[in-house]
Amino acid sequence: MSAVTIGIIGIVAFLVLIFLGMNIGLALLLAGAAGYAAVINPAAAIGLLRKVPATQASTYTFIVIPLFIMMGNFAFHAGLSSALYKAGDKWLSRLPGNHACGTIAASAGFGAICGSCAATCATIGTIALPEMRRYKYADRLSTGSIAMGGTLGILIPPSTPMIIYCIMAETSIGKMFAAGILPGIMMAALSIITIVILVKINPDISPPPKKCSWKERFGSLKGLIGVVVLFGAVLGGMFSGFFSVNQSAAVGAFLAVILTAVYKNLTWKTFSTALRDTVTTFSMTFLLLIGASVFSNFLAITKIPMILADTLQSMDASFAVVLLLMTIVYIILGMLMDELPMILLTVPIFLPIVAGYGIDFIWFGIYIILVMELGAIAPPVGLNCFIIQGISKDISLGTVYKGALPFVATILFGVLLIYIFPQIVMFLPNMMGG
Amino acid sequence: MMKIGDIVKKITFLMSLVSYGGVVAIMLLNVLDVFMSKTLNRSITGAYEITEVLLLCTIMASFAYGQTKKAHINITLFIKHLPGAIRLIIFGIMGFLSAGTAAVVGYAAILQAQSAITKGSATGVLMIPMYPFYYVEAAAMFIFAIALLYDTLLSFAAIFIKKYEKAVTSSWA
C-alpha cells in the first residue's frame with residue numbers, strides 16, 4: 001500500500017474516531033502513530049512517541065501558553081471586566097443600543113488581556129446580560145452582541161489560537177499579535193455599526209440612549225488603570241522590544257496576580273479557582289498540541305500536504321478559489337469543533353498550499369482566525385451561544401442563535417475586507433521589521 | 001464503582017498540585033529572570049532549562065486532572081443522538097482506545113527514560129539528568145490512562161445501571 005493511501009486512510013480513521021466521541025488529542029495521537037507504524041514500522045512509531053510528547057511539553061517557547069492562560073484567568077478574577085464594561089457603556093452612551101455597543105467595546109478591551117473566546121464571552125456576558133435585561137433590551141440583541149463580543153477574545157492579542165497557529169506555522173508570535181490589533185479594532189467597530197443599524201431598523205429592540213456627561217465618562221476611566229497597566233506591560237513591552245514574548249507572558253501573569261491582590265480580590269478561593277481553570281485549559285491545549293504534532297509527522301511522511309499543494313498549483317487554480325474552498329472547510333469544521341482542534345488539524349495540510357501561492361503566513365493566520373470566529377457564534381455548535389444560554393437559562397438557545405445571526409454577516413464582511421485590503425493585517429507586523 | 005472513582009479523583013488531584021505548583025514556579029522563575037536581566041544585567045544560570053523540565057512535569061501532570069474535570073475535547077454531536085445503550089458502548093470503546101493510547105505513550109516514555117540513563121542525557125548548563133523527568137512523564141501518562149479507563153468502565157456500567165448514565169453524558173455538548 002502506498003504512503004498516500006495510508007495517509008488517506010489515516011485521515012479518515014481520525015475523523016471516524018473523533019465523530020464517535022474519542023478525545024481529539026488522543027485520536028490524533030492514535031491515528032498518527034498507527035499511520036506512522038504502517039508507513040515505516042512499529043519501532044519507528046514508538047520512537048516518535050518517545051520523542052514528540054516530551055519535546056512538545058518541554059519546549060521553552062511554549063511557556064507562553066500556560067502563562068497567557070493564567071494571565072487571562074487572574075485578570076478575570078481581578079474584576080477588570082466590570083470596569084471595562086462601565087467605561088464602554090459610558091463612552092458609547094450616545095449611540096443607539098448603547099449598552100450593546102458598550103458590551104462590544106468591553107469585550108474588545110477584555111480580549112486585550114485574555115486570549116480566549118469562551119472566557120471573554122463568559123466574563124463580559126455575566127456582567128452585561130443582566131444589565132441589558134434590566135434596561136429592557138430585546139434578548140436577541142443583548143445575547144447577539146455578547147456572542148459577537150466574545151469572538152474578539154481570539155482576534156485581539158494575546159490569543160491562545162494565535163500562539164498555537166504560530167507554533168504550527170513556525171512564525172513569529174510577536175508579529176502575529178501585532179497583526180491581530182487592527183483587524184480586532186475593525187471587527188469591534190463593524191460590530192458596533194451592526195448594532196446601530198439593527199436598532200435603527202427596529203427601535204423596539206433597545207431603549208433610547210441615556211446620554212452621559214463628560215465628567216461621568218472620564219470618571220469611568222479610573223477603573224481602567226489595571227487594564228492599561230496589564231496591556232501596556234504585556235503588549236507594549238513586547239512590541240517595543242523591551243520584553244521577549246515569553247518574558248511578556250511571565251510578567252503579564254505575574255501582574256495579573258498582583259492586580260487581583262490590589263483590587264482586593266485575591267483570596268485562597270479565587271487563587272485556587274484561577275489556577276484550576278489555568279491547569280484544565282492548558283491540559284486540553286497541550287494534549288491537542290502533542291496529538292497534532294504526532295499526526296503532522298505522519299502526514300509529512302505520506303507527503304499528502306505537498307502533493308495537494310502541487311496538484312492545486314498544476315491545475316492553475318487561482319488563490320481566491322483555493323481560499324474560498326479553505327473557507328468553506330473552516331465553516332463546516334467550525335460547526336463541529338472548537339478553534340484549537342481546527343487549527344491543529346488543518347494548518348499542517350493547508351500551509352504548504354498557502355506557501356505555494358507565496359501568501360504570508362501571518363496574513364493567513366489572521367484570516368483563518370477571523371473565519372473561525374463564525375464557528376463560535378453559528379449553530380449547531382456555536383460555543384459562545386451555549387455559554388450565554390448557560391448564563392441565563394430562561395433565554396432559549398434559538399433566541400441566542402437568532403441574535404447572533406446578523407453578526408455572522410458582520411464577520412463575513414470583515415473577512416472580505418481583510419482579503420481585499422491585506423494591509424489591515426500586515427501594516428503593523430511590517431512596521432516591526434525583522 | 002464510585003469508590004474507585006473517588007480514588008481516581010484523589011490521585012488526579014494530587015497530580016494537579018504538581019501542575020499548580022509548576023505553573024506558579026515557571027511564572028516566578030521567569031519574572032525573577034527578567035527582573036535580574038533588566039536591572040542587574042545578569043540572568044539566572046540555567047533558568048531556561050529549569051523552565052523546560054518544570055514545563056514537562058507541569059504539562060504531563062495536568063492531563064489526568066483535565067480528564068476528571070472533563071476539560072479535554074470530545075465531539076459528542078453525533079453519538080448523543082444514538083439510542084442509549086449503543087452510544088454508551090461506542091463511547092466506552094472510544095474511552096478504551098484512548099486509555100490504550102495514553103498507556104502506550106507512557107510505555108514510550110519509560111523507554112526514553114532508560115535510553116536517557118544509558119546515554120547519560122542531561123541538560124546543557126546545569127547538567128540535570130533527564131531520566132527522572134521522563135519517568136514523571138511515564139507515571140503521569142499511566143495515571144491519565146487509569147482516569148480514562150475509569151471513564152470507560154463507567155460508560156459500560158451505565159448500560160446496566162441508569163444512575164451512572166448522567167455521570168457519563170453530563171459533559172456532552
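Computed quantities for the displayed model
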read-out	value
Solvent exposure of the range B:31-173 as accessible area per residue, Å², 1.4 Å probe	46
Share of carbon and sulfur in the accessible heavy-atom surface of chain A [1.4 Å probe, %]	70
Stretch gain in nm, segment A:Ile301-A:Lys393, where the contour uses 0.36 nm per residue and the Cα spacing is subtracted	28.2 nm
Solvent-accessible area, 1.4 Å probe, carbon plus sulfur percent, for chain B	70
Dipole-positive endmost among B:Leu54, B:Val168, B:Leu149 within the range B:36-173 (Cβ charges, Cα centre)	B:Val168
Normalised alpha carbon radius of gyration of the range B:34-104 [divisor 2.2 N^0.38 Å]	1.90
Candidates A:Met70, A:Met132, A:Met372, ranked by Gaussian network fluctuation over chain A, Cα under 10 Å, top entry	A:Met132
Convex hull volume per residue for the range A:33-113, taking Cα atoms only, in Å³	138
The range A:263-344: translational diffusion in µm²/s, Stokes-Einstein, Kirkwood Rh over Cα pairs, 10 °C, 1.306 mPa s	98
Residues in the range B:57-96 reached by a label modelled at B:Ser170 [backbone nitrogen below 13 Å; 7 Å Cα→Cβ]	B:68-71
Violating pairs (Cα-Cα greater than 24 angstrom) within the set A:Lys393/B:Lys166; B:Lys10/B:Lys163; A:Lys86/A:Lys269; A:Lys211/A:Lys264	A:Lys86/A:Lys269; A:Lys211/A:Lys264
Intensity falloff of the range B:72-155 expressed as log10 I(q)/I(0), Debye formula with alpha-carbon point scatterers, at q = 0.20, 0.23 Å⁻¹	-0.85, -0.99
Per residue accessible area in Å² of chain A, where ligands, DNA and RNA are left out and the probe is 1.4 Å	36
Top positive-direction residue, dipole computed over chain A with Cβ charges, set A:Gly237, A:Met22, A:Leu374	A:Gly237
Computed Kirkwood radius, in angstrom, where 1/r is averaged over Cα pairs of the range B:1-67	13.3
Chain-alone versus full-assembly comparison, the range A:228-274, residues with accessible loss of at least 40 Å² (1.4 Å probe)	A:Phe242, A:Gln247, A:Ala250, A:Phe254
Cα-based Rg of the range A:164-304 normalised by 2.2 N^0.38 Å, two decimals	1.47
Rel. contact order, % - alpha carbon contacts under 8 angstrom, at least six apart, the range A:150-236	23
Inter-part distance where the range A:185-254 and the range B:130-150 are each reduced to a Cα centre, Å	43
Delta accessible area of at least 20 Å² on complex formation, residues of the range B:1-32, 1.4 Å probe, chain isolated as reference	B:Tyr20, B:Val23, B:Val24, B:Ile26, B:Met27, B:Asn30, B:Val31
Cα centre as origin, Lys/Arg/Asp/Glu Cβ charges: the range A:200-347 dipole, Debye	920
Convex hull of the protein assembly as shown built on C-alpha atoms - directionally averaged projected area, nm²	28.3
Debye, to nearest 20: dipole size of the range B:61-173, +1 on Lys, Arg Cβ, -1 on Asp, Glu Cβ	360
Residue with peak Gaussian network fluctuation, chain A [Cα springs, cutoff 10 Å], from A:Phe286, A:Phe68, A:Phe421	A:Phe421
Selection of trypsin sites (Lys or Arg not before Pro), the range B:59-122, meeting DSSP coil and at most 14 other Cβ within 10 Å	B:Lys70
For A:68-76, mean number of other protein chain Cβ atoms within 10 Å	1
Cβ neighbours within 10 Å from other chains - mean over A:289-299	1
Where only alpha carbons of the range A:349-434 are counted, the Rg and the Dmax (Å)	16.6, 52
In the B-A interface, the accessible area buried, summed over both sides, Å² (probe 1.4 Å)	4700
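The values are calculated or read from the model by the stated rules, or taken from the named source; none is laboratory data. Just so it is clear, the model here is predicted, and its values are computed rather than measured. Counting neighbours? That spans all protein chains shown, and the Cβs are built from the backbone with ideal geometry, glycine included. Surface accessibility is based on the protein's heavy atoms, side chains included, excluding ligands, DNA and RNA. Shrake-Rupley method; radii C 1.70, N 1.55, O 1.52, S 1.80 Å.
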